[in-house]
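> One structure coming up, written as structure tokens, with questions to follow.
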Amino acid sequence: MTEIPPSNKQAFIAGEVALVGAGPGDPDLLTMQAYRMIKQADVVVYDRLVSDAIMDLLPEQCEKIYVGKKQANHRVPQEGINQILVEQAQQGKKVLRLKGGDPFVFGRGGEEAQFLLAHGIACHIVPGMTAASACTSYAGIPLTHRQVAQSCTLITGNVQNNGELDLPWQNLTDSKQTIVFYMGITSLPKISEQLISAGRLPSTPAALIHKGTRPEQKVYRGQLDQLAEMVKQHDIKPPTLIVIGDVVETFEENQLANIGYLSADK
């Protein structure tokens with residue numbers, strides 16, 4: 001019987017789309033497969049969170065189409081992005097859809113893949129380092145730790161169309177559970193309030209990781225009931241990851257500079 005190679009090892013050919021995870025910013029975190037796809041691209045459709053260092057890896061002749069999104073401010077709506085990908089592929093180009101983090105972790109990569117396949121366009125799915133694992137590692141925060149945290153929950157902090165943050169708060173109260181919020185800075189007061197109301201201790205250790213893995217990374221540590229005030233005090237803007245749980249205090253302050261890449265706290 002002939003062995004069929006995995007689809008993600010097949011050649012990137014004209015008329016196809018590669019959905020590639022660029023990770024949180026440090027180009028050293030790219031997978032070899034992501035790098036290979038980046039170097040072959042004829043056109044790239046990229047997001048706001050893709051770092052300049054990674055964009056610099058693209059071929060000189062590669063056409064660049066920016067479709068970046070900020071919360072409640074989408075330069076190109078998702079339906080438009082889907083259509084751009086189809087149109088570029090139909091023109092016989094190698095289309096690189098470059099996303100910060102991982103395409104399948106709050107990246108809407110699944111929606112884009114569905115749309116492409118529905119239009120008869122083959123697509124490669126290339127995973128990337130998601131912020132929850134990469135940024136916390138660079139900050140010296142393990143997501144799980146024996147006898148401290150046996151589970152980790154990743155949550156989007158984006159509010160719904162009704163303006164509410166509708167989450168199962170009662171399921172997020174276990175002290176041995178690490179919680180990581182993406183895109184939650186603007187809704188942080190509500191997040192803290194709801195977690196405390198559900199039973200999470202106000203003194204639960206917490207951290208804010210701004211522009212994690214990049215040269216300008218800053219890590220702010222405190223506790224759950226202090227997070228909203230920390231954002232105001234330091235004027236913290238997106239992209240910032242929110243980490244809540246006892247794992248934040250795994251290492252002593254004087255140890256952090258010796259275990260991370262960019263772990264100096266501010």
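The values are calculated or read from the model by the stated rules, or taken from the named source; none is laboratory data. All values reported here derive from a predicted model rather than from experimental measurement. When we count neighbours, we look across all protein chains shown, and the Cβ atoms used for this are built from the backbone with ideal geometry, even at glycine.
> Quick check, is Gly184 touching a Pro at 6+ places or on another chain (Cβ under 6 Å) and in a loop (DSSP other than H, G, I, E, B)? Step through it out loud before you land on a result.
Numbers: touching a Pro at 6+ places or on another chain (Cβ under 6 Å): no; in a loop (DSSP other than H, G, I, E, B): yes.
Spelling it out, it is not the case that Gly184 is touching a Pro at 6+ places or on another chain (Cβ under 6 Å) and in a loop (DSSP other than H, G, I, E, B).
> Ok, one more. If Asn254 satisfies all but one of (1) surrounded by fewer than 16 Cβ atoms within 10 Å (Cβ to Cβ); (2) of a type outside the set (D, E, K, R); (3) over 26 Å from Met129 (Cα atoms); (4) in contact with a Ser or Thr (Cβ under 7 Å, 6 or more places away or on another chain), what's the number of the condition it fails?
For Asn254, the failing item is (4).
> Something else about it: Restricting to the range 89-113, give me the number of residues that are within 18 Å of Ile54 (Cβ to Cβ), assigned to a loop (DSSP other than H, G, I, E, B) and modelled with pLDDT of 95 or more.
Step one: filter the range 89-113 for residues within 18 Å of Ile54 (Cβ to Cβ), giving 94-103, 105, 107, 109.
Those left that are additionally assigned to a loop (DSSP other than H, G, I, E, B): 94, 100, 102-103, 105, 107.
From what is left, the residues that are modelled with pLDDT of 95 or more are 94, 100, 102-103, 105.
Looking only at that region, the number is 5.
> Among the listed residues Val86, Val76, identify the single one that is at pLDDT 95 or above and among the aliphatic types (A, V, I, L, M). Walk me through it before giving the result.
Numbers: Val76 fails: at pLDDT 95 or above.
Every option except Val86 fails the conditions.
> Right, another one. Among the numbered criteria (1) modelled with pLDDT of 95 or more; (2) under 30 Å from Asp28 (Cβ atoms); (3) touching a Gly at 6+ places or on another chain (Cβ under 8 Å), which one does Thr156 miss?
(1)
> Between residues in the range 142-153 that are modelled with pLDDT under 95 and residues that are of a type outside the set (Gly, Ala, Ser), which pairs lie under 9 Å by C-beta distance while being six or more apart or on different chains?
Matching pairs, first to second residue: Gln147/Lys176.
> Regarding Ala206, is this residue modelled with pLDDT of 95 or more, closer than 23 Å to Ala34 by Cβ, crowded, with 19+ Cβ neighbours inside 10 Å and touching a strand residue (DSSP E or B) at 6+ places or on another chain (Cβ under 6 Å)? Steps first, answer last, please.
Working: modelled with pLDDT of 95 or more: yes; closer than 23 Å to Ala34 by Cβ: no; crowded, with 19+ Cβ neighbours inside 10 Å: yes; touching a strand residue (DSSP E or B) at 6+ places or on another chain (Cβ under 6 Å): yes.
The answer is no for Ala206.
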